[in-house]
Every structure is written in structure tokens, then in C-alpha cells.
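Sharing a structure here in C-alpha cells format.
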Amino acid sequence: MTPVKVLLIDDDEDDYILTKEIFNDIPQRENYKLSWINNYEEGINAMLKSHYDIYLVDYRLGKHTGIDLLHEAIKSNVDEPIIILTGKGDAKVDNEALQIGAADYLIKDQISPYTIERSLRYALKHTYSLKALKESENKFRIIFERSKEPFLIIDSDGKIRDINNAGLTFFNYTRDEIQLLNAGNLYANKADNFVFVQQMDAKGAVNDFETQLITKYKEIRTVTISAFLQIDQHATEELYYCIIHDLTNRKQVEQFSADTEKIAVTERIAKNLANEIRNPLSSINLSLEQLKLDLNSEDESVNLYLNIIKSNFEKINVLISGLLNSTQNKDLNLQPRVLNHILEESVMKLEFEADKNQVTVFKDFSSNEIMVDVDEEQISEAIHALLSYSMHCGCNSITITNYLTNSHAHIEIKDDGPGLSQEEQKRIFEPFFDSKTSGTGLINSKRIILSHKGKLELESKYNEGSVFRISLPLSNQITLWDSSIR
């Protein structure tokens, strides 16, 4: 076993001799090798070169003190433990030395082979533990900073203590901004935060807790959170270490596939149903025309009934034609267009209808020239249907907003109407859901937006109104405009 190299820094040679005798009386004296330096300058030089494993420093060193040497060593990142020696007990010096970073404090006339060996052993053990802890912290810090997934450290009150760069990118906050927030503000559904904290308190860890988080610009991100609870060494504080796995893109692909399949099924049903209805309907129409010729009646009652049959035939025919048109996939003629212009025109087309229904339309459009690659006719049709639906829901006002995020343009159509129940929200994009949409529901709007690789969602609260949210990919020509991304 290599002996521990101990350096005594003391300007009194007699003290060195006494200390050496004490070391000689240590039962395991072969484990220690004592050296001596008698001045401050050589002492700090030896420390900076890390020639020794541990240092015994006298409080009085000529014009300097052991506290001065301790300050200099700590400032210079000396890792080896330092024990301060003094001729008499002084609580003030004791406390000051320990606060600065001394490993221990010994009074010279109370030193014995046992006390000094115990102090050396404990100081070395404590230093080794601190070094191991520091190495672990450094490794964790490297993983924390380099992780491509968001990583947050949160205390039990929800205060965000730290976040890595991936987390800042994910939430779109600066470090200063997010550290002012409570973690509960990051949840789209505040109840999820309560459930998460309950599970952490009960189990000390959570694996794949699925929830939705909200970014600075109100983007909803579907994620799973894996976390563990860490209690500090003084048992005074609990910290939650949380790793976030973003499932948004995967969920969007799954939802897109589900929506596409649902629309495809609806199209097949609609076409089959239309054909089944049109065949007997054509027979009815031909029979009606023949009946009118055969009767050639001047009886007003007979003609009235014949006209009623004819009128309802035409209504049914229009409904069938509308249903078929709503399910037909039309080729897209994609062109770069300014989103504000499309929205302005959509609002203008509804001005008469808005006045008639006494609905006020508010516009909160981005000052940026947001460019999207769209088939203007089809996308206008989809937006018009959504606006028209909101206008007839019994609201007093509609607010249309648009804004940018990193890769998408967003449109929100918000009304202050009665809102929808959970069951109604599930069926809103089904055909014949509501008579206000002429039988085809809003499925045509969803089909058009999906064909543009976009997304259409509804958020509604009963008696609080509804919001249609549309997102569309930005045009490749967006760089032609000087736009600041939200």
C-alpha cells in the first residue's frame, strides 16, 4: 500500500518535531509519510502542483495566516483536503475555516496519535466521496446537456430548477423565461400535473406517463414523461428529474392515417348510398313526368300534389349531388398564397350572412406575410364551411386569428356560442351530423385540409364556445418575406 503523503505547513520547527513524534506513535504509521514546509509561498506552490495527498496548515504563517492559504487554495481549485491547526481553540476561526472549505480544524495541544489519524482518515474519505460525487455530477451534466430529448429538474413545489437546451427548443422559451414558470403551467390539462405529482410522491418514480404539454406559442405536444425522485444529502429538498419523450409526430401520423381511412370509408358509403338512392329516384322522376302527361289535369289540387312531389325530388337530388361532391377527391392546384388574403376574402363572403345573423366578426391577423402552398379555391371552401358553421351555432361573435410557428401556419376560428358536448365533439366531422351543414357535415373541410398535409382540430367547452384550429405547412417561398417566426 502506498503511504499517504502528508505535508505540514508551519513556520515553527519545534511544532514540526512534535508533530513528527505524534506521527511516529500512530499504530499504522507506515500508512503515512510526513513532510514539512516552513513558509506560505512554498506551501501554496506545493498545493498548486498537487505533490501531496493532504495538508496540515498552521493558523499562523508569518505575515499570513492559514486562512489566507486556505482561501488561495480553494480559489485555485486545490482538490486535496486541508486541515487547519492552531495553538488554542477559537470558535470564530473554526467556523470560518469550515465555511471556506477546510476538511477539519484541530487544536495543537489536544492532538494525539489517535485524533490526528482519525482526522486524516475522515478527511481523505470525505474528499474521495466528494470527488466521486463530482465525477458523477459531471457525467450527469454531460448527459443532461447533450441529450436530444427535453430534460427538466423540478422541485416538489413545481419550480423549474434546470432545463437542458433540448428542453428550451421543445418549449420555445428562453432559460430565464421558463424558470419563472411553475411546471403545472406546461400541462395542457392541469389535472394531469396533479396525477403526475401524486404518482411521484407515492412511488418515487414514473415511467411513460402520457400527457399533453403546451409550448410558449400554445402548440399542444403529446409526450410521455419518465421521472425519478432525488432527495438531497441533507434530506431537506426533493427534486424530480424528468425526461420527456415527444410522441407528437408519431401521433399525428397515426391520426392522419385514421382520419384518411375514416374519410375513405365515408366516401365509399356515400357513393354506394347515392347510387342506391339515385336509381329509384330516377324511376320516380320518370314516372312522375309520365303521370303528368297522362293526367293532363287542370285540377289545381292534382297539380299542387304533383309539384310538391317534383320539388322534393329535386331537393333530394341536390342533397345527393352535394354528398357526392363532398366526397370526391379533387386534384390540388398548389400555388404559394398569402394567408391573410385568403382569410380576408373568406370574411368578406360572409359579411351579409353575419349581418343577417347579428354576428360580429373580429380579425386578429399576423402582421407577417404568411405564405402557404394551397389550392386557393379548395382551402377557401374549407375555411368558409368552418366560419359558416360557427356563425350558425348561436354565437354573438367570431374571432379569426392566424400566426406562425417554426414550420406551420396556424388559423384559429373561435366563437362564443354554447359549445358542444363530448359526444358531439366526437361526431362533429361525421356526415349528416348537423343540419346546418347541408348533410355533409364538416368532413369536406377536414378532407381538404388533410389533402394539404394539414390538420384540423376542434376544442369546445359546453356553454363556453368552440375553437377550430387549422395548421398548414408553410410555403417554400416564406423566405422571400421578412417574417419573424412565433
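All of the numbers you see were taken from the coordinates with simple rules; none came from a lab. Remember, predicted model here, so these are calculated numbers, not experimental data. Ideal geometry is used to build each Cβ from the backbone, glycine not excepted, and the neighbour counts take in all protein chains shown.
Just for the chain, what percent of DSSP beta bridges are antiparallel, to the closest 5? All intermediate terms of the calculation are to be shown ahead of the outcome.
Details: 56 of 79 bridges.
Within the chain, antiparallel bridges account for around 70 percent of the total.
Sort F196, F171, F352 by Cβ crowding within 10 Å, fewest neighbours at the top.
So the ranking, lowest neighbour count to highest, is F352, F196, F171.
Something else: Counting other beta carbons within 10 Å of each residue's own, what order do I107, I243, I116, I9 fall into, fewest first?
In increasing order of surrounding Cβ atoms, one gets I107, I243, I116, I9.
Additional query: Which of the lysines could be linked to K356 by a straight reach, that is with a Cα gap under 22 Å, when you skip same-chain ones fewer than 8 residues away?
K414, K436
Given the rule -39500 (n - 2.57) for each run of at least 4 DSSP H residues, summed and divided by the residues of the chain, what is its mean residue ellipticity at 222 nm, to the nearest 500 deg cm²/dmol?
Using -39500 (n - 2.57) per qualifying helix, the result is -15000 deg cm²/dmol.
Select from segment 66-134 those trypsin sites (Lys or Arg not before Pro) which occupy a DSSP coil region and have at most 13 other Cβ atoms within 10 Å, ordered by residue number.
Qualifying residues, ordered by number: K88.
When we measure straight from the Cα of K349, which aspartates and glutamates land under 17 angstrom away, once same-chain ones fewer than 8 places off are left out?
Cross-link targets: E376, E377, E381.
So which GluC sites (Glu not before Pro) in segment 166-229 are both in a DSSP loop and have at most 13 other Cβ atoms within 10 Å of their Cβ? Each step should come with its number before you reach the end.
Numbers: sites: E177, E210, E219; in loops: E219.
Passing sites in segment 166-229 do not exist.
Test of understanding: ordering D14, D246, D53 by Cβ neighbours within 10 Å, fewest first, what list do you get?
On the way: D14 8, D246 16, D53 19.
Ordered by Cβ neighbours within 10 Å, fewest first: D14, D246, D53.
Additional query: Using 1/(1 + (r/R0)^6) with R0 = 22 angstrom and r between the beta carbons of F140 and K5, what's the FRET efficiency to the nearest 0.05?
Efficiency, from the Cβ-Cβ distance: 0.10.
Summing +1 for each Lys or Arg and -1 for each Asp or Glu, what net charge is found among the other residues whose Cβ lies under 11 Å from the Cβ of I44?
Once all neighbours under 11 Å are counted, the net charge is -2.
Calculate the dipole size of segment 335-480 relative to its Cα centre from +1 charges on Lys and Arg beta carbons and -1 charges on Asp and Glu beta carbons; express the result in debye to the nearest 20. Can you show the working numbers first?
On the way: 14 positive and 22 negative charges, 68 e Å.
Dipole about the Cα centre, nearest 20: 320 debye.
Taking a ≥ b ≥ c as the square roots of the eigenvalues of the Cα gyration tensor of segment 304-417, is the shape rounded (a/c under 1.5), prolate (a/b larger than b/c) or oblate? Show your work: numbers first, answer last.
Working: a/c = 3.14, a/b = 1.56, b/c = 2.01.
Oblate is the answer for segment 304-417, as a/c is 1.5 or above yet b/c matches or exceeds a/b.
Now for a different question. With +1 on the Cβ of every Lys and Arg and -1 on the Cβ of every Asp and Glu, and nothing else charged, how large is the dipole of the chain about its Cα centre, in debye rounded to the nearest 20?
Charge dipole, the chain, about its Cα centre: 1000 debye, nearest 20.
Still on this structure: Under a crude label model (7 Å from the Cα following the beta-carbon direction), how far is E149 from E298 in nanometres?
8.9
With P(r) over Cα pairs in 20 Å bins from 0, in percent defined as stated, name the option among (i) 17, 30, 21, 16, 11, 3, 1, 0; (ii) 19, 46, 30, 4, 0; (iii) 24, 58, 18, 0 computed from the structure displayed.
Given (i) 17, 30, 21, 16, 11, 3, 1, 0; (ii) 19, 46, 30, 4, 0; (iii) 24, 58, 18, 0, the structure-derived one carries the label (i).
State the Cα centre-to-centre distance between segment 172-243 and segment 293-323 in whole Å.
Going from one Cα centre to the other spans 66 Å.
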